[in-house]
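**Student:** What follows is a single structure, and I will ask about it in a moment.
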Amino acid sequence: MPHSVHALTAAAPLWFAQVAPATNLAPPSWHNIVVNLLALVAGVAAGGIFAYAGRRILAKKGWEAYPHLLAVLDAAIVVLAGILTSSMDLWKRSAWLSLDPYTLAAYGTAGGLLAGSLGMKWIITVTKESTKTTVDALKAKIKDVELSSDARIKVIQTESSETIRALEKERDRVLRIEAVVGEVMQAKLSRLVAELQKENGTLATALAPELQIHRLIQVLHGHVAKQLPTGSRLRVGIYLLGDDKITLEPAFAWDGEKSNVFSGKYAEYMKITSHGRARSAVVQAWGPDGPFIFIADGEEAERQGRFCYFNPAQRQKLRSMVAYCHYMKGPSPDDAFVITLDSDQAAFFSGDLEVECRLLVPAFSRRIELELLASFLAPNPQASTIPPR
Amino acid sequence: MTALMRHFRTVLSDESAARSVSQEAREIVRRAEVTVERHKTENASRQDRQLAESKPQTEPKRSAA
């Protein structure tokens, strides 16, 4: 299509230049008609060839996007057509005589049409280029915004997922503690109700604080032990300050099957006056480093000087432990006990379980203290008979 | 050692008491585990229900927009 437009543009002056004189200055004749038709065909052919060649050159050079080059090309076609027309006129008469008013009018009309078409083409091309640039810029911006939004959404989603996971973990931890404490309470309520239904039930028998202390210790053991892999071992221990007021002595130990599993042979590590590497975790918990001492990895802690094994065999049996000192509300500062949990599972008391133990062990210690005080204040079971209903 | 701590030692040294409650302690731990699982299931169901209830409310808004 562009080639035909160029061809017609080039042919227009040729045709006007030939038809006008032929129809107005000379009587119509077969000779004039043939000459004009030949001029038209020659103009169309020359314009088409020139336009095609010009376009090919522009395409080869990659200059198609430059509207001024197209304008130059079209102008060159007009100039060539003019030269050809003049040459044909010179064949008939002189060059100056061919510039009669009709020919000039034809040239003017053709030139105006050409200038208009070139102007329109230029405007359209520039507008298209400008629009394309604007659209490309907008597309690039939209893409940037989309990428940026996607990245932000991903970050928000990741952060939200992590927050949700952390909250769920925290909720499950609280739920586990609440469940075990609640079940201890529920068991106690059930015992009270059962005692109420007896003829000679007593409050002391119903509450049985001494038994409740053992229950609490064993429930704590069982609750933590269920988080161990099968085949691993867990012990819970209670240490009290001895009569010498220096040595912390093992008062109770439970491994899930039997009690008093501590040998108590290593009193030299249990003196609250000990310093440096000779101090056990129990002593550390009692002292200013307490109330909590977590030993995630015994051998690593030993290398760091924070922990000591009492004998080489202990390295296989005790790989991770926690010691917590519970100071009671009694009048004496010696009214305190250290509760320990130790396992042969390395890195057991770390991470989530460490966080859980920081809540769980004090909660159980407070309940043990409560039961101990109840037991201490009401030693005679017959003193608190439940009144008849 | 204070009288309270001495009493504590006496209570703790009662091995028969420890043995007598061991079964009950295991049962308490087991029930706590069941309670935790029940709560987790209930939480999951509630979250699913809330998600299902919130969907019909949000979808028409999107189509209207």
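The values are calculated or read from the model by the stated rules, or taken from the named source; none is laboratory data. Note that the structure is predicted; figures quoted are calculated from it, not measured. Every residue, glycine among them, receives a Cβ derived from its backbone with ideal geometry; neighbour counts consider all protein chains shown.
**Student:** Would you point out which residue out of A:364, A:348 is part of a loop (DSSP other than H, G, I, E, B), modelled with pLDDT of 90 or more and not aliphatic (A, V, I, L, M)? Walk me through how you get there before you give the answer.
**Tutor:** Details: A:364 fails: part of a loop (DSSP other than H, G, I, E, B).
Exactly one residue qualifies, and that residue is A:348.
**Student:** Tell me which of these residue A:230 doesn't satisfy, since it passes every other one: (1) outside any loop (DSSP other than H, G, I, E, B); (2) without any contact (Cβ under 8 Å) to a residue 40 or more places away in the chain; (3) under 51 Å from the mean Cα position of the chain (by Cα).
**Tutor:** For residue A:230, the failing item is (1).
**Student:** Looking only at the range A:250-307, filter to residues that are assigned to a strand (DSSP E or B) and either in contact with a Pro (Cβ under 7 Å, 6 or more places away or on another chain) or without any contact (Cβ under 8 Å) to a residue 24 or more places away in the chain (or both); which one of those is nearest to residue A:348 (Cα to Cα)? Outline the logic, then answer.
**Tutor:** Keep residues of the range A:250-307 that are assigned to a strand (DSSP E or B), which gives A:250-254, A:259, A:271, A:292-295.
Next cut, either in contact with a Pro (Cβ under 7 Å, 6 or more places away or on another chain) or without any contact (Cβ under 8 Å) to a residue 24 or more places away in the chain (or both) only: A:250, A:253, A:259.
Values: A:250: 22, A:253: 19, A:259: 22 Å.
This residue is A:253.
**Student:** Does the range A:311-329 hold any residues that are within 26 Å of residue A:368 (Cβ to Cβ) and either of a type in the set (Ser, Thr, Tyr) or out of contact with any Asp or Glu (no Cβ under 9 Å at 6 or more places or on another chain) (or both), and which are they?
**Tutor:** If the condition is that a residue be within 26 Å of residue A:368 (Cβ to Cβ) and either of a type in the set (Ser, Thr, Tyr) or out of contact with any Asp or Glu (no Cβ under 9 Å at 6 or more places or on another chain) (or both), then A:320, A:324, A:325, A:327 are the ones that fit.
**Student:** Sticking with this one: Select from the range A:257-287 the residues that are in contact with a Leu (Cβ under 7 Å, 6 or more places away or on another chain) and within 14 Å of another protein chain (Cβ to nearest Cβ) and write down the one among them that is farthest from residue B:27 (Cα to Cα).
**Tutor:** Filtering the range A:257-287 down to residues in contact with a Leu (Cβ under 7 Å, 6 or more places away or on another chain) leaves A:270, A:272, A:282-283, A:286.
Next, from what is left, pick out any that are within 14 Å of another protein chain (Cβ to nearest Cβ): A:272, A:286.
Numbers: A:272: 38, A:286: 32 Å.
Within the range A:257-287, the match that is farthest from residue B:27 (Cα to Cα) is A:272.
**Student:** Determine whether residue A:181 is part of a helix (DSSP H, G or I), more than 8 Å from chain B (Cβ to nearest Cβ) and touching a residue at least 12 places away in the same chain (Cβ under 8 Å). Full working, then the answer.
**Tutor:** Working: part of a helix (DSSP H, G or I): yes; more than 8 Å from chain B (Cβ to nearest Cβ): yes; touching a residue at least 12 places away in the same chain (Cβ under 8 Å): yes.
Yes: the conditions hold for residue A:181.
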